[in-house]
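The values are calculated or read from the model by the stated rules, or taken from the named source; none is laboratory data. Values in this document were obtained by computation on a predicted structure and should not be read as measured data. A quick note on method: Cβ atoms are made from the backbone with ideal geometry, for glycine too, and the neighbour counts reach across all protein chains shown. Only protein heavy atoms, including side chains, enter the accessible area calculation; ligands, DNA and RNA are left aside. Shrake-Rupley method; radii C 1.70, N 1.55, O 1.52, S 1.80 Å.
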Amino acid sequence: MLKRKFKVIAILFVIILTLTLPMVRAENKTADDIATPDGTASKNTANYDIAPISEEEPTPEAATATTEDKNLKKSDVYLTGDDVTIDYIVDGNLFVVANHVTINSQIGGDAFICANTVTIGEQGYVFSNLFTFAKNVTVNGVVYDLYSASENITITGYVYRDIRVGCNTINIFGSIGRNAFIDCASLNFAQDSNVTGNIHGNLRYSAKQEISIPEGVVTGETKFEQEIFSDDNTIQTQILSLGTFVVTIVVIWLLCLWLTPKLLKNNTSLLTTKKILPVIGFGILAPIVGILSSILLLVLGITSTLGLLLLFTLFILIAISTSVFVITVNYVVCDKLKIQKTIGVFGMLIVSSIVLWLVGLIPYIGSIVSFASIVIGLGMILSNLILKRKTTNSKELEKTE
C-alpha cells in the first residue's frame with residue numbers, strides 16, 4: 001500500500017515540475033532546416049555551417065582516433081569551473097555550473113546553465129531548450145527555445161521557436177521564430193539598416209508601465225500586462241505571499257497524514273523533550289555537509305550526477321522544513337488546548353501559519369524566527385529518517401534471532 005502511495009506522489013511531483021517549468025521538446029532538426037529571419041526554413045544557411053550529429057556506431061578506427069573523442073561526446077555532459085568553453089559536439093544534454101560559459105558547437109539536447117555570463121557563439125546551436133540562470137545572456141547563434149531568469153539578455157542570433165524570460169533588460173537584435181513571453185523593465189529592438197530585431201509570432205510582456213514597441217517588429221499580436229509585483233501593489237503581493245505560505249503548509253500536512261502519520265507524533269516528542277539539541281545540530285550541519293559533499297562530487301566529474309541529485313534533495317528538504325516546523329508547533333498547541341478532532345487541528349494550523357508569517361514580517365526578529373524554523377524543521381526531518389532506520393535495523397535483528 002505504501003509503495004502505491006509513493007508512486008502516486010512521484011507522479012504528482014513530476015506533474016508539478018512540468019507545470020512550474022514547461023519543458024517543450026523540440027523536433028529533431030538538421031543544419032539544412034535552420035530557419036531564416038523571415039520565419040521560413042531554408043537549405044544550407046550560410047550563417048550557420050553546422051553538420052548534423054551522426055547516429056552511426058563508432059568503428060574500431062574511429063575509436064582509436066583522438067579527433068573523434070575531442071569533437072564528439074555521445075552522452076550527457078556535466079561541467080564546472082571558472083571559464084567553460086564547449087567547442088565539441090554534445091550528443092546529449094548539457095549541465096554547467098561556472099562563472100563564464102561559451103558554447104561554440106552543437107548541443108544535441110537541452111542545456112541547463114547556471115553562470116555569471118552565458119554566450120551562445122555564432123557557431124553555437126542548441127537543438128532543444130536552453131534553460132539558464134545568469135547575470136548576462138547573449139545569443140549570437142541558434143537556440144530552439146529559451147527559458148531564462150537573468151539581469152540582461154541580448155539576442156543577436158536566432159531563437160527558432162519561443163522565449164520565456166524574466167529579466168531587467170532584453171535587447172532583441174535578432175529574430176524570434178514564434179512567440180515571446182517576457183517579464184522585464186526595459187525592452188529594446190534594433191532598428192537600423194543593417195540589423196532589425198523582430199518577433200514572428202505574438203509578444204506578451206509585463207512591466208511596471210507600458211513600453212513603446214516599434215511598428216512592424218511583431219508579426220502577431222502584442223499584449224501588455226501590468227506587473228503584479230510592483231511598488232504600487234504591496235498589499236496584493238503580501239496577500240498572495242500569505243496565501244501561498246498557508247496553502248503549502250496545509251498540503252504538506254495532508255501528505256503527512258496520508259503517508260506517514262507517525263512522523264507527526266515523533267516530531268511533537270522531539271520538540272517537547274531534551275532531544276531538541278540534537279535536532280538543532282542536524283539542522284545546522286546538514287546543509288553544510290550536503291553542500292560541501294555536492295561540490296566534491298561535482299569536481300570529481302564521474303560523480304557529477306550524484307552531486308546534482310544531492311543538491312536537489314537538500315533543496316527540497318529545506319523548502320519543506322518551515323512547513324514541518326509549523327505543523328509540529330501546531331500539534332503542540334492543539335495538545336495544550338486539548339484539540340483532537342481533525343477539523344479543529346486544521347483550523348488551528350491555519351491560525352498558526354498566519355501567526356508565523358506575521359512574525360516573519362517583524363524586522364530582525366522575523367529573520368531570526370525564519371532561520372530557526374528552517375533549522376529545526378530540517379533537523380526534525382533528518383532525525384525521523386535516522387530513527388526510522390534504527391527501528392528497521394532492530395526489527396531485522398529480532399527476526400534473525
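Within the range 84-113, which residues are modelled with pLDDT of 85 or more, closer than 16 Å to PHE133 by Cα and open to solvent by 30 Å² or more (accessible area, probe 1.4 Å)?
PHE95, ASN99, HIS100, THR102, PHE112
Can you spot a residue in the range 313-324 that is in contact (Cβ under 8 Å) with a residue 60 or more places away in the chain, assigned to a helix (DSSP H, G or I), of a type in the set (Val, Ile, Thr) and more than 21 Å from VAL369 (Cβ to Cβ)?
The answer is no, given that none of the residues of the range 313-324 is in contact (Cβ under 8 Å) with a residue 60 or more places away in the chain, assigned to a helix (DSSP H, G or I), of a type in the set (Val, Ile, Thr) and more than 21 Å from VAL369 (Cβ to Cβ).
Of the residues in the range 300-323, how many are open to solvent by less than 60 Å² (accessible area, probe 1.4 Å) and closer than 17 Å to GLY81 by Cβ?
The number of residues fulfilling the criteria is 5.
Which of the residues belonging to the range 159-177 are closer than 17 Å to ILE213 by Cβ and aromatic (Phe, Trp, Tyr)?
Matches in the range 159-177: PHE173 only.
Could we say that GLY216 is open to solvent by less than 30 Å² (accessible area, probe 1.4 Å) and either part of a loop (DSSP other than H, G, I, E, B) or hydroxyl-bearing (Ser, Thr, Tyr) (or both) here?
no
Being at pLDDT below 85, out of contact with any Gly (no Cβ under 8 Å at 6 or more places or on another chain), of a type in the set (Lys, Arg) and surrounded by fewer than 13 Cβ atoms within 10 Å (Cβ to Cβ) is true for just one of LYS265, LYS275, LYS223. Which residue is that?
LYS265
Tell me whether the range 291-299 contains one or more residues that are open to solvent by 40 Å² or more (accessible area, probe 1.4 Å), within 21 Å of SER370 (Cβ to Cβ), at pLDDT 80 or above and assigned to a helix (DSSP H, G or I).
Yes; the residues of the range 291-299 include at least one that is open to solvent by 40 Å² or more (accessible area, probe 1.4 Å), within 21 Å of SER370 (Cβ to Cβ), at pLDDT 80 or above and assigned to a helix (DSSP H, G or I).
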